[in-house]
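Nothing in this text is a laboratory measurement; each read-out follows from the coordinates by a stated rule. None of these values were measured; they are calculated from a predicted model. FYI the Cβ positions are ideal-geometry reconstructions off the backbone, even for glycines, and counts take in every protein chain you see.
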Amino acid sequence: MMNVKITNTKKFFLLGWLSFCFFLCSGVGIAQTNEALFDQANELYRTNKYTEAISVYKKLETKNLVSSELYFNLGNAYYKLNKVAESIYYFEKALLVNPLNEDARVNLVFAKRMTIDAIEELPKTLFQNIETEFVEKLSYNQWAWVAVISSLAMGLFFMLYYFSYIPTRKRLYFVSTIVTVLLLIVSLLLTFKEFGKSQNNLEAIIFHENVSVKVSPTDSSEEAFELHEGTKVFVLDKVADWKKIRLADGKIGWLTKEAIREL
């Protein structure tokens, strides 16, 4: 019988291939398990077992398998249980992940109707309205993808322009190149703008049934106003266990950090 010797190099490649197959199979298995959990939670929701559905959805959230759909489903489940703060919190998170999730936007309007505080936003300028209606429709990640696609399109149109010898097509490719360059510049600027905004504008939801907002960060301070669960605030600063917050109508005050949950 002939003896077959396996060299160190062959052993290395064999072990590498086996390891790759193992991790590939493990990844597929984990993905199937997570998908099964999501389907299980959806089935519990469909059978009106909202508390149990939330428990399963939470398992996926603890694994950092977050998505706009997961947050949207959590918001729906909490809404069915009349949990005001929780439903608004998760609808808001769904929109942070994907601002184009219109179902989450619509359901957020219904959830906000359960809140007690009626806060009117400050009037917006023309540019602020344009920003809300256009720029904020996409997250900074989505604007980054627009920039990537624009750069690829720019390169393609430039190559077509460079190698084209037909005048009409050459003009078309030249104009298309200029348009994609402008789109690339705009999308890059908006990507950095929205990223900076996401880092600086920290939003939170009131989770206490009612909370006294103080003039300064001390228990003995005078009460500025009162808020109730489900109200969205903007966190401006923090001192020890206190957070400085601003409302959409411009009011500013201090409350304890336990009263809110940051988005």
* Ranked list, fewest to most other Cβ atoms within 10 Å of each Cβ, for 79, 165 -> 165, 79
* To do: List the residues whose amide H sits under 5 Å from the amide H of residue 214, counting only those 5 or more places along or on another chain, with H placed 1.01 Å from N in the peptide plane.
  => 224, 254, 255
* Provide 90, 140, 45 in ascending order of the number of other Cβ atoms located within 10 Å of each residue's Cβ, fewest first. => 140, 45, 90
* Structure fact -> Once phi for every residue in the range 55-62 is put through the Karplus expression 6.51 cos²θ - 1.76 cosθ + 1.60 (θ = phi - 60°), the whole-Hz ³J(HN,Hα) values, with Gly and Pro written as x, are 4, 6, 4, 5, 4, 5, 5, 5
* Asked: Amide H to amide H under 5 Å from residue 236: which residues, 5+ apart in sequence or cross-chain, H placed 1.01 Å off N in plane?
  -> 244, 245, 246
* Asked: Near residue 251, which aspartates and glutamates are there with a Cα under 16 Å away, not counting those fewer than 8 places off in the same chain?
  -> 117, 120, 121, 203, 222, 223, 226, 237
* Derived scalar couplings ³J(HN,Hα) [the range 251-263; Karplus, 6.51 cos²θ - 1.76 cosθ + 1.60; whole Hz; x for Gly, Pro] -> 5, 10, x, 10, 9, 6, 5, 5, 7, 10, 10, 6, 7
* Lys/Arg Cβ at +1, Asp/Glu Cβ at -1, dipole of the range 51-150 taken about the Cα centre: which of 73, 134, 110 is farthest positive-ward? -> 73
* Asked: How large is ³J(HN,Hα), in whole Hz, for each residue of the range 72-79 in order, when computed from phi with the Karplus curve 6.51 cos²θ - 1.76 cosθ + 1.60 and θ = phi - 60°, using x for Gly and Pro?
  -> 4, 5, 4, x, 5, 5, 5, 4
